[in-house]
Amino acid sequence: MRYFIELSYNGKAYHGWQVQPNAISVQEVLEKGLSTLLKEKISTMGAGRTDAGVHAIQLFAHFDTDVIFEEHMLQYKLNSFLPEAISIQNIFKVKADAHARFDAVSRQYLYRIALQKNPFNTEQAFLLKAKLDIDRIKEATKILFDYKNFQCFSKSNTDVKTYNCNIMKAQWEVVGNELQFTIKADRFLRNMVRAIVGTLINVGVGKLEVNDMHNIIKSKNRSEAGFSVPAHALYLTEVAYPKTIKL
């Protein structure tokens, strides 16, 4: 049987989702927990890989097993076994060919910028001391919808077949003392969200003009775009699938 597992995690202590040779990852810890409880070696495939320090409010992975178990009991046992930074939200059966990565139709991220110092969110949001022109940022953000190729925001030496992404949503909102950026697309390149936010911050502080976004994207050159904002304020918030994957 193939199962989907829905989880959340605080990425502070982990070197991203994907198993790494010399660093602890969320995938490694999850697979160890599943293997221990099901008493067989379990491998998982995630919906995507988050970078070191990035959090996930919702991420899915799939795994295969012939072991018979009650989903809610395995969820309970896993949550007791796993460290506090990782939480299992759901486990459910899916079709044999359902794939956590390739069947995902969209992914959504949130980036949190603190507009004033707050001792209670230093590890959850990026404190930006510079004054931002939010209207300029919003204008520059609209330009993203004019393009599909976002190589300029991709980490260099990334092994991908295409740099094309279909952005469905990109919006800014002031929430309390935070400026929050939400972006949704069918797929994302490595470092893409953090590079987009850094570039838009440069627009907001006056280092770039709004229309510079066109030249940056057309350049397909990472060095033309802005800095990458810190990972600790980035959250994978939603991964969507067609309803047909469930049994």
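A few notes on this one:
Here's the yes/no breakdown for (1) in contact with a Ser or Thr (Cβ under 7 Å, 6 or more places away or on another chain); (2) of a type in the set (A, V, I, L, M); (3) assigned to a strand (DSSP E or B):
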position: 79; (1), (2), (3): yes, no, no
position: 83; (1), (2), (3): no, no, no
position: 88; (1), (2), (3): no, yes, yes
position: 97; (1), (2), (3): no, no, no
position: 101; (1), (2), (3): no, no, no
position: 110; (1), (2), (3): yes, yes, yes
position: 117; (1), (2), (3): no, no, no
position: 121; (1), (2), (3): no, no, no
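- Residue that is farthest from residue 124 (Cα to Cα) [pool: residues in the stretch 158-212 that are hydrophobic (A, V, I, L, M, F, W, C) and assigned to a helix (DSSP H, G or I)]: 203
- Restricting the stretch 185-202 to residues that are under 10 Å from residue 150 (Cβ atoms) and free of Cβ contacts under 8 Å to residues at least 60 places away in the same chain leaves a set whose member that is surrounded by the fewest Cβ atoms within 10 Å (Cβ to Cβ) is 189.
- Enumeration of residues in the stretch 147-164 that are open to solvent by less than 60 Å² (accessible area, probe 1.4 Å) and more than 16 Å from residue 219 (Cα to Cα): 158, 160
- Hey, residue 182 among the hydroxyl-bearing types (Ser, Thr, Tyr), crowded, with 22+ Cβ neighbours inside 10 Å and in contact (Cβ under 8 Å) with a residue 40 or more places away in the chain or not: no
- Qualifying positions in the stretch 52-83 - crowded, with 19+ Cβ neighbours inside 10 Å and in contact with a helix residue (DSSP H, G or I) (Cβ under 9 Å, 6 or more places away or on another chain): 54, 55, 56, 59, 61, 63, 74, 78, 82
- Condition met for residue 140 (of a type in the set (A, V, I, L, M), within 22 Å of residue 113 (Cα to Cα), assigned to a helix (DSSP H, G or I) and open to solvent by less than 80 Å² (accessible area, probe 1.4 Å)): yes
- Test for residue 86: is it buried (at least 18 other Cβ atoms within 10 Å of the Cβ), under 20 Å from residue 9 (Cβ atoms), touching a residue at least 60 places away in the same chain (Cβ under 8 Å) and not small (Gly, Ala, Ser): yes
- Residues in the stretch 49-77 that are outside any loop (DSSP other than H, G, I, E, B) and either within 15 Å of the chain's Cα centre (by Cα) or β-branched (Val, Ile, Thr) (or both): 55, 56, 57, 58, 59, 60, 61.
- Failed criterion for residue 216 (all others in (1) part of a loop (DSSP other than H, G, I, E, B); (2) within 25 Å of residue 48 (Cβ to Cβ) hold): (1)
- Residue check, residue 39 at positive phi, open to solvent by 50 Å² or more (accessible area, probe 1.4 Å), at pLDDT 95 or above and not β-branched (Val, Ile, Thr): yes
- Selection within the stretch 1-48 - touching a residue at least 40 places away in the same chain (Cβ under 8 Å), assigned to a loop (DSSP other than H, G, I, E, B) and within 17 Å of the chain's Cα centre (by Cα): 10, 14, 17, 47, 48
- Of the residues examined, residue 228 is not one that is open to solvent by 50 Å² or more (accessible area, probe 1.4 Å), of a type in the set (S, T, N, Q) and either under 20 Å from residue 52 (Cβ atoms) or part of a helix (DSSP H, G or I) (or both).
The values are calculated or read from the model by the stated rules, or taken from the named source; none is laboratory data. Since we're looking at a predicted model, the values are computed, not measured. Using ideal geometry, Cβ is built from the backbone for each residue, glycine included, and neighbour counts are taken over all protein chains shown. Ligands, DNA and RNA are stripped out before the accessible areas are found, and what is left, the full protein with its side chains, is counted by its heavy atoms. Shrake-Rupley method; radii C 1.70, N 1.55, O 1.52, S 1.80 Å.
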